[in-house]
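Working notes, beginning with the structure itself.
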């Protein structure tokens, strides 16, 4: 039995485009004598569509194209993901009943053996965490079991399938069904118990997350080994978004043998049709396992960003980009990435000095542009700043030094970059990093603006690492000047931020990067109460994963530690939220990017009863 | 038995503040011999908190304050909503188990009669539509039943309660449990069957939505009448938000008699303690029912906006506001609202003419300011626009007329209004309406910026209606000049938008307002396929609810209708999405505000197979 894993690129919200591509693959696969052709989850509609699921016409269209796939299954067996609609029933929201479903078709018909109430299978475990909203749109197998007064486990029946006269039992899973560790329902062993199952297939639409494939290989290998049945994971490539957050899909479709070995692995971020034979997967001592790439390093971050930026530009029809280059590391990395992706001839770099910008950073920006071969402009902003200050003063609206900092930032982005981008028929980038975004160390309509915040899921130390990676492995030349890696990070918006005098940002990145990461990314989110507890027991560095002995070096007293902690906590949960509401979309890399994976309300900062008690005891022992 | 409905204002994310208020009410109520004191759903933590539910320290704090409430229940019975945590179990996301729970306490202890596995009750029906994400955070009774291999209906047991030697069975509901029409589970009849129940209480945290109370009275009255048991609904007041969308909570707590009569009704948008006696509720022929206000009119919209703006200003600590006044209706209504709410002395109105602004609108802006008594400034922008154009041209970056329109819009907001707001220590408003926001007829970092888009859930015709309401019923004077209601709406950004020549926006509001409403607000979202179907059968006006015969007047051929339809659909699902991602938070009024209640992805526009077929037949018959 020849099996093909169709790791295709899916365009979210374009059933016709996806279905036509799938139909062509079906045609080709039949010529190549493929017996079983596997497409990813939701391969016809795409998955992250916001509330497009509420459009009846869209649902009918998905059904229409799904039917075309079924009709095309002469002499081949297809498995594909699509939305399934039961027009006679309702979802809990009163809209029509929708399932995140797996369709198995052969010889123009859906495979149906009476073991299940529908001629398709339904996702059992629906994720409602991170960026996922499955229960918002789809009726899970768990709810169907409740409705039918049955046990979920009784509905978890394998699909019977006969190919060339031999019959198999297929254990059909959709994405989360394979990640059952935290659920009371365990689809894989249950399907096997109700089988036994000859082969598990997991159709997925699973976004890239730094380190997730490493975990998947552990979890899925263990599952295959424990059950002793091979498991095939088919994932799509492409980008999909939920408005505020853009996700890349890396594919990395994999076949696991019954001993848990990785027998087949498709390339990351590429469309690929991978073939295997059931006999190769089922033999107990198979050929050598293939090695799978580690996906936890800076090279994975680079691959994700390169792919994500390229696809987002393509999808939005942008081919010309403006990057405001300050001479600092963030904009240098952004300029290098875009220049690498769309070519230096399509990237315009603009340096916009005010009277606070040093010749040091202006020279660095110029050097960067010359290294990359991009067009470079210097458009000063002091004349405009002076005009604004003059107009405000004439209206008795005086501006403080801090206010003038924001005036500069807004002038650069909203006045210069936006106009320049329009002029070349393109867009301008937001170069903010995750450390800045966490505490709102950026100006709304200023540096916190642009069509995409491609680096905004990277902590400052990751931006540096990406810069090194670009020089060493992508350009194999020092395109980002060496001085950028040693220069003090500074906004250069006032005399207090003079880089030549070693003055810069108020952030101590070796500590704050890790503090903010604990606020944002830990599965059990850290709060001041946790931090103060760790401080008292001397375990802050260990818990945050930063360099040892850092706390003692930075803070001479508990009061200093507390003042710093409260300052950033208030910003993170306060003004920074207001800013993030209006921030550009973020390209996701980490296990928690800002936006749809970090839902937040604009509420006053809060300190718990326990925190205030600990603080009181510590300050007034 | 004396019952008190504590319609309190809840501050989201502030357990200490809420609990202290509740403790004070408990103390007072005991003095007033209240037997049963009812607080709203999630009265300790608040409800719309984003992912704050993932902070363990916050959960412990909610538990701590909940325990304080329990301890305070000597000689009184309290019901309140809070998060309940089972620290030994997990949610489906692997985090600790959380329930949206109802606590009943008396004499320092939680009421528990062994009929339920916990000493509190759990929400059965969890909404996952509109702005609600209950399954993301809370484990429902339905999942608990599945876990325990029980039927949900067997877990729906009333709470036994004895007061002054008399024992009752209380049917405890949390919000959505009372809205079971679309669910297979029906908590009210089930609880009664497992009782019988003497009194139903529904603790809610239910946001204002235009017309929702009218529907609630119908649904809840019918329920009470069908079961023949009184039902008390307790809702909070205040504002809560999910970042992009701000919701007001109107209270309007109500007691329904066993015949379905409305026997008690608390005031909208006010804290209130309402008292009743169980005997008054249970008698079959009670006193005259109270009348409840209709909440579907412009006065309700006004009340919601006034309350929401006032509370949002209070919560964000803002007391000074800048409104850019163009001389058009939107900014006039915004100026009048803010002036009414925080006083004209705290509102600065700025008109920012370019060479395209007519003396007509400048005069109107001036007149408005003088009518309201606000400080008024005219800060022209042509000097800055000329500077920008000059700088761009010097850099060989020419700007077209359309680009210059956006340059003007950004100059006004990001340069002038932002600086002026900073100078007075306040914020500036976004005056965009829902018609503009739907199709992105506004400029990012320009008129689509500001701290709050208070009018962005109103269609253009509702903005006019609100303007009339302000003049007639709030100010009882023509503060918004009469000409504003007849002047053609125009952005005045080019010579093509000359109001004096009767030129203005490309929107035909009497049609497009209703077309866009069908795209956005219909429970079954309308799409071009629906519209074209209606066009062919001549029922567009009927389906949209706009004036009859409009389509024939506006479009002379099917091709015209189609061109217009596709133009706006592409914008609504395309560029306008990109703009909304960075738009200010919207104050919700309707059944579907932009933001968290209208989840959307930045994807290419799509036209279904059926639509394209219909179009083809229509254009080439």
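The values are calculated or read from the model by the stated rules, or taken from the named source; none is laboratory data. Everything numeric here is computed off the predicted structure, so don't read it as measured data. Neighbour counts are summed over all protein chains in view; Cβ atoms, including those assigned to glycine, are modelled from backbone coordinates with ideal geometry.
Details
- Per-region count, the stretch A:595-621, residues assigned to a loop (DSSP other than H, G, I, E, B), surrounded by fewer than 18 Cβ atoms within 10 Å (Cβ to Cβ) and in contact with a helix residue (DSSP H, G or I) (Cβ under 8 Å, 6 or more places away or on another chain): 2
- The residues in the stretch B:354-370 that are in contact with a strand residue (DSSP E or B) (Cβ under 8 Å, 6 or more places away or on another chain) and surrounded by fewer than 21 Cβ atoms within 10 Å (Cβ to Cβ) can be counted, and the count is 3.
- All told, residue A:228 falls short of being surrounded by fewer than 24 Cβ atoms within 10 Å (Cβ to Cβ), over 23 Å from residue A:593 (Cβ atoms), touching a helix residue (DSSP H, G or I) at 6+ places or on another chain (Cβ under 6 Å) and free of Cβ contacts under 8 Å to residues at least 60 places away in the same chain.
- Summed over the stretch A:82-94, the residues that are within 29 Å of the chain's Cα centre (by Cα) and either farther than 22 Å from residue A:132 by Cα or assigned to a strand (DSSP E or B) (or both) give a count of 4.
- Taking the numbered list (1) in contact with a strand residue (DSSP E or B) (Cβ under 6 Å, 6 or more places away or on another chain); (2) touching a residue at least 24 places away in the same chain (Cβ under 8 Å); (3) closer than 24 Å to residue B:129 by Cα in turn, residue A:36 passes all entries but (3).
- Residue within the stretch A:525-544 that is in a loop (DSSP other than H, G, I, E, B), within 14 Å of another protein chain (Cβ to nearest Cβ), under 29 Å from the mean Cα position of the chain (by Cα) and modelled with pLDDT under 95 present: no
- Of the criteria (1) facing chain B (nearest Cβ under 10 Å); (2) part of a helix (DSSP H, G or I), which one residue A:345 fails: (1)
- Only one entry in B:260, B:238 is touching a helix residue (DSSP H, G or I) at 6+ places or on another chain (Cβ under 8 Å) and at pLDDT below 95, namely B:260.
- Of the residues making up the stretch B:410-449, those that are more than 9 Å from chain A (Cβ to nearest Cβ), closer than 18 Å to residue B:316 by Cα and assigned to a loop (DSSP other than H, G, I, E, B) number 3.
- Residue in the stretch B:476-494 that is within 13 Å of residue B:324 (Cβ to Cβ) and more than 10 Å from chain A (Cβ to nearest Cβ) present: yes
- Of all residues in the stretch B:309-368, those that are within 23 Å of the chain's Cα centre (by Cα) and at pLDDT below 95 total 0.
- Filter result for residue B:501 (touching a residue at least 60 places away in the same chain (Cβ under 8 Å), more than 26 Å from the chain's Cα centre (by Cα) and exposed (fewer than 14 other Cβ atoms within 10 Å of the Cβ)): no
- Test for residue A:6: is it in contact with a strand residue (DSSP E or B) (Cβ under 7 Å, 6 or more places away or on another chain), away from every other protein chain (no Cβ under 14 Å), over 30 Å from residue B:130 (Cα atoms) and assigned to a strand (DSSP E or B): yes
- Filter result for residue A:21 (on the phi < 0 side of the Ramachandran plot, more than 9 Å from chain B (Cβ to nearest Cβ) and either at pLDDT below 95 or not in a helix (DSSP H, G or I) (or both)): no
- Residue among B:457, B:505, B:500 that is at pLDDT below 95, assigned to a loop (DSSP other than H, G, I, E, B) and either away from every other protein chain (no Cβ under 14 Å) or more than 30 Å from residue B:522 (Cβ to Cβ) (or both): B:505
- Scanning the stretch A:9-24 for residues that are in contact with a strand residue (DSSP E or B) (Cβ under 9 Å, 6 or more places away or on another chain), more than 22 Å from residue A:243 (Cα to Cα) and surrounded by fewer than 20 Cβ atoms within 10 Å (Cβ to Cβ) turns up just one, A:21.
- Within the stretch A:573-594, considering residues that are outside any loop (DSSP other than H, G, I, E, B) and at the interface with chain B (Cβ under 9 Å from one of its Cβ atoms), the one farthest from the chain's Cα centre (by Cα): A:578
- Unique residue being more than 19 Å from residue B:492 (Cβ to Cβ) and free of Cβ contacts under 8 Å to residues at least 12 places away in the same chain when the list is B:427, B:420, B:395: B:395
- For the stretch B:356-392, a tally of residues being in contact (Cβ under 8 Å) with a residue 60 or more places away in the chain and either within 14 Å of chain A (Cβ to nearest Cβ) or not in a helix (DSSP H, G or I) (or both) returns 3.
- Comparison of A:202, A:241 shows that the only residue that is in contact (Cβ under 8 Å) with a residue 12 or more places away in the chain and either more than 13 Å from the chain's Cα centre (by Cα) or within 25 Å of residue A:155 (Cβ to Cβ) (or both) is A:202.
- When the strands (runs of 3 or more DSSP E) confined to the stretch B:200-270 are screened for residues that are on the phi > 0 side of the Ramachandran plot, those reaching at least 1 such residues are found at B:237-241.
- Residue tally, condition part of a helix (DSSP H, G or I) and either over 18 Å from residue B:450 (Cα atoms) or touching a helix residue (DSSP H, G or I) at 6+ places or on another chain (Cβ under 9 Å) (or both), over the stretch A:398-409: 8
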